[in-house]
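The values are calculated or read from the model by the stated rules, or taken from the named source; none is laboratory data. All of these numbers come straight from a predicted model, not from anything done at the bench. Here Cβ is always computed from backbone atoms with ideal geometry, including for glycine, and neighbour counts include all displayed protein chains. Remember, those area values only see protein heavy atoms, side chains included, never the ligands or the DNA or RNA. Shrake-Rupley method; radii C 1.70, N 1.55, O 1.52, S 1.80 Å.
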Amino acid sequence: MKCEALIDYFNGTLNDKDRAAFEKHLAECTDCREELEELRLLTADLPFAAEPAEPNDGMKERVLSAVFAEEPVTAVEKTAPAPAPRKPARQWLQPLLAASLLLSAGANVYLLAQKEETDQQVAREEPATLAGSVQLAATEGFNGQAQASMVQENGHSSVILQANQLQVPTGTEAYQVWLINEAGDKVRAGTFNTDESGRGAVSYTMPSDDNWQMIAVTLEPTATSEQPLGDIVLAAEL
Amino acid sequence: MSEQDFELYERIQAADKQALETLYERYEKLLFSFALRMTGRRDLSEEIVQDVFMKIWTKPNLYDRSKGKFSSWLLTVTRNASIDSMRRKNEQTEALDERDSLKSNEPAVEDLVQWKEEGTVLRHAIAQLAEEQREMIELFYFKGLSQRAIAEERNIPLGTVKGRIRLALKHLKGHLSTGKGGVDGEVRGID
Ligand SMILES: [Zn+2]
């Protein structure tokens, strides 16, 4: 699986295995990254080549009633405020390709045991403010994505993580969220399962205002892992 | 415009139906026209638009600013849904041949100035391409075919497909730059 798979990657015609292999290649091949970006740029305007066509009669009513018949975005989302972002409490950066490498380099480090909030519902007493958010990207060989939002409310900082398109855990497996500080210490920051469509969410009160460098999600054999045993599925730098 | 889109999107994240309806109204015609350009079928195009808005309504945080301009992201989602739909139905429609029958004198949505501004220039530039290059763009971008399928369709070696696609797209870009010079009187900002 080398450079020649670029076109099929762009068009999404690769199977899961080949796509994962190509994404691995993409991380190592500058040519492919540049060509992919070039393809995106060169095709960005092509949708506008479509001749304007009148939508079907009654289409809006049909589509919207079908859409509104479905459950909207998750419960956590519904209670989350969407105010104009306040000045970020700390700098949240975009995920880096190297995120997973950094994390695995710090394996087997001392881990603080933390009291964990198991309640996945977020009850709010006063309006929370959004301090920042970051996207977690899937590591090589895994699917899914997540958004972690830092929320300040009632004098506490919480992290709310919402993931989708994850592999559905089987048996006792569960996803765990980890915060990693500069020293490489990993702290558990919540456990969650997914629904059958691979969506899951968890809210966790930050143990302290440590200088967290990274957030990661692992798939653990059980929900009680005190240190990461499973593979890192999603990660982002903070 | 993209600021407004982003605001609407954030309200949708809070399950605001009105926001989704506004977003729908803003993009219905563009997304429908694009899906129709790809699939050549009005029934599939309606399904595709429904798929796209269903995703936005039910899946949290699909979009964020790191994914670029909201409208570009929405069009990419629509393209992917169109490719999926064509694959599912295994349709071999010839949207290219139907193009003439799809012509409409409807004014472009005022909101989507880019469409109005670029559509004519773009179609003109595509028409200027050599047949071979037009076909490469059609099969690759609008049909979303695999490399192998393109090679078979065009009866060309598999190893040359990628290079031909890039060449065709670059030629198109070249024609667009020339077109912007104002030969045909199309008004475009100087970038
Ligand atoms: Zn390569």
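Any idea which residue in region B:53-73 is nearest to residue A:133 (Cα to Cα), counting only those that are more than 8 Å from every other protein chain (Cβ to nearest Cβ) and surrounded by fewer than 17 Cβ atoms within 10 Å (Cβ to Cβ)? Among them, the one singled out is B:65. Scanning region B:42-52 for residues that are within 7 Å of chain A (Cβ to nearest Cβ) and under 15 Å from residue A:66 (Cα atoms) yields B:46, B:49, B:50. Are any of the residues in region B:81-94 under 18 Å from the mean Cα position of the chain (by Cα) and touching a residue at least 60 places away in the same chain (Cβ under 8 Å)? Scanning region B:81-94, I find at least one residue that is under 18 Å from the mean Cα position of the chain (by Cα) and touching a residue at least 60 places away in the same chain (Cβ under 8 Å), so the answer is yes.
Residues in region A:51-63 that are assigned to a helix (DSSP H, G or I) and open to solvent by 10 Å² or more (accessible area, probe 1.4 Å): A:60, A:61, A:62.
Only one of the numbered conditions (1) modelled with pLDDT of 95 or more; (2) under 21 Å from residue B:170 (Cβ atoms); (3) not small (Gly, Ala, Ser) is not met by residue B:78, and that is (2). Within region B:19-32, the only residue that satisfies the criterion of being touching a residue at least 24 places away in the same chain (Cβ under 8 Å), within 18 Å of residue B:123 (Cβ to Cβ) and at the interface with chain A (Cβ under 7 Å from one of its Cβ atoms) is B:29. Considering only residues in region A:35-51 that are over 14 Å from residue B:38 (Cα atoms) and of a type in the set (D, E, K, R), the one that is farthest from the ligand (Cβ to nearest atom) turns out to be A:45.
Within region A:165-228, which strands (runs of 3 or more DSSP E) (wholly inside it) include 1 or more residues that are within 16 Å of residue A:139 (Cα to Cα) and either open to solvent by 20 Å² or more (accessible area, probe 1.4 Å) or among the aliphatic types (A, V, I, L, M) (or both)?
A:174-181, A:212-220
Look at (1) closer than 30 Å to residue A:70 by Cα; (2) part of a loop (DSSP other than H, G, I, E, B); (3) open to solvent by less than 50 Å² (accessible area, probe 1.4 Å) and you find that residue A:151 fails only one, number (2). Consider region A:1-34 and keep the residues that are within 11 Å of chain B (Cβ to nearest Cβ) and open to solvent by less than 30 Å² (accessible area, probe 1.4 Å). The one that is farthest from the ligand (Cβ to nearest atom) is A:11.
When region A:35-51 is filtered for residues that are more than 15 Å from residue B:32 (Cβ to Cβ) and at the interface with chain B (Cβ under 7 Å from one of its Cβ atoms), the ones remaining, listed by number, are A:42, A:43, A:44, A:45, A:46.
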